[in-house]
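Colleague: Have a look at the structure that comes next, please.
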Amino acid sequence: MAELTVNGKRVQYEAEADTPLLWVLREQLGLTGTKYGCGVAQCGACTVHIDGAPVRSCVMPASALTAAQKITTIEGLSPDPKQPASHPLQKAWDALDVPQCGFCQSGMLMAAAALLKSKPKPTDADIDEAMTNICRCGTYNRVRAAIHLAAGQVQRKQIPIVIEGGQA
């Protein structure tokens, strides 16, 4: 059996050499927060961190990883495992009602977390460059605002979010 380190725990799995990490996470480890979207690394719904870097898990063969590498999924993003959704980005996402259908959001959050780790005070241009995930609901303005909020660059009351029927 092969081993991986996922969300701080050493786990074993058995899969064909070309099995994408996404399917090992979802089907064998029960970590279903990471989503399957396109299967060709374009949409970003499957984004996880490998040693802190955002990676599209739908095209990453699990066999290409070692147990020494640290994989973090959306389930492991919160700094306190006893308080799910306690990461500053998750709190900002909630405060600004970022998700609509929510399908892309775990991948968006993982990409945004990697961005804030490398650039704690990102500009709009930094966000545009890093956030290549696709959201079919079009919540990009809310995503940008939530990243700025999580980075402490703005206060909630400073962010005008236009919603159907007026402003939030």
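The values are calculated or read from the model by the stated rules, or taken from the named source; none is laboratory data. Model, not experiment: these values are computed from the prediction. What goes into the accessible areas is simple: the full protein's heavy atoms, side chains included, and nothing from ligands, DNA or RNA. Shrake-Rupley method; radii C 1.70, N 1.55, O 1.52, S 1.80 Å.
Colleague: Between Val59, Val40, Val143, where does the largest GNM mean-square fluctuation fall for the chain, given springs only between Cα atoms within less than 10 Å?
Modeller: Val40
Colleague: Under 10 Å, Cα contacts only: if you run a Gaussian network model on the chain, which one of Gly152, Gly30, Gly39 comes out with the highest mean-square fluctuation?
Modeller: Judging by the Gaussian network model, the answer is Gly30.
Colleague: Students often get this wrong, so try it: which of (i) 1.33; (ii) 1.05; (iii) 1.41 is Cα Rg over 2.2 N^0.38 Å as calculated from the structure shown?
Modeller: Matching the structure shown: (ii).
Colleague: With a 1.4 Å probe and every protein chain left in place, work out the accessible area per residue of the stretch 1-91 in Å², rounded to a whole number.
Modeller: 52 Å²
Colleague: So, one more: Need one word for the stretch 31-77: rounded, prolate or oblate. Basis is the Cα gyration tensor (sqrt eigenvalues a ≥ b ≥ c); a/c below 1.5 gives rounded, then a/b vs b/c decides.
Modeller: Numbers: a/c = 1.89, a/b = 1.30, b/c = 1.45.
In terms of gyration-tensor shape, oblate.
Colleague: OK, next. How tilted is helix 140-150 with respect to the longest principal axis of the chain? Cα atoms for both, answer in degrees (0 to 90, nearest 10).
Modeller: Compared with the principal axis, the helix lies near 90 degrees.
Colleague: Distance check, please: which entries in Lys9/Lys82; Lys82/Lys119; Lys70/Lys117 exceed 18 angstrom between their Cα atoms?
Modeller: Lys82/Lys119
Colleague: Below 8 Å between Cα atoms, with a sequence gap of 6+, how large is the relative contact order for the stretch 20-152 in percent?
Modeller: 26 percent
Colleague: Considering only the chain, what is the antiparallel percent among its DSSP beta bridges, to the nearest 5?
Modeller: So the antiparallel bridges amount to about 90 percent of the total.
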